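Contents: one structure, followed by commentary.
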């Protein structure tokens, strides 16, 4: 459980910082879709390095434990996203999804999936070496 919370915290922190930069400086210059798509590779790097950090610093009895960490982190991420963030924006979940750009929204869903499985993927790679 602690591995998932640390993983979530690391990725969420980077995402928060990048989100502020995206919203204040990038969106006005290139638009919402392009800004979100430009942010995705940076988030992918953050996800990878955070997953590597937790697999190196928090030992697990099996690689499945790292998959569990990713799922816990995903649940925490969705909880924050759909409660705190939407409350601050004054939107419902339905409004949130209706307003999402279809391309950027699809990339967001893929990134969430990668976020959930990355600790497991990293731990499997480390176990194979």
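Read the figures in this text as sums done on the coordinates, not as results from a lab. The structure presented is a predicted model; accordingly, all values stated were derived computationally and were not measured. Because the Cβ atoms are built from the backbone with ideal geometry, glycine has one as well, and the counts that use them run over all protein chains shown.
For the residues 29, 100, 52, a GNM of the chain with alpha-carbon springs under 10 Å puts the largest fluctuation on 29. Counted over all Cα-Cα pairs of region 1-69, pairs farther apart than 13 Å make up 66 percent. Residues considered: 96, 48, 108. Largest GNM mean-square fluctuation over the chain, using C-alpha springs under 10 Å, is found at 96. Taking the longest Cα principal axis of the chain as reference, the axis of helix 32-57 is set at about 20 degrees.
Only Cα pairs under 8 Å and 6+ residues apart enter the sum, and on that basis the relative contact order of the chain stands at 40 percent. Using the Cβ-Cβ distance between residue 48 and residue 95 with R0 set to 35 Å, the FRET efficiency from 1/(1 + (r/R0)^6) comes to roughly 0.65. Across 74, 37, 24, mean-square fluctuation computed from a Gaussian network of the chain (C-alpha pairs under 10 Å connected) peaks at 24.
Extension gain, residue 38-residue 125: 0.36 nm per intervening residue step, less the Cα-Cα distance, totals 28.6 nm. Here region 73-118 and region 1-27 have alpha carbon centers that stand 13 Å from each other.
Kindly provide the Kirkwood hydrodynamic radius of region 36-129 in Å, to one decimal, from all pairs of distinct alpha carbon atoms. The answer is 14.4 Å. Axis angle, to the nearest 10 degrees, between helix 63-80 and the longest C-alpha principal axis of the chain: 20 degrees.
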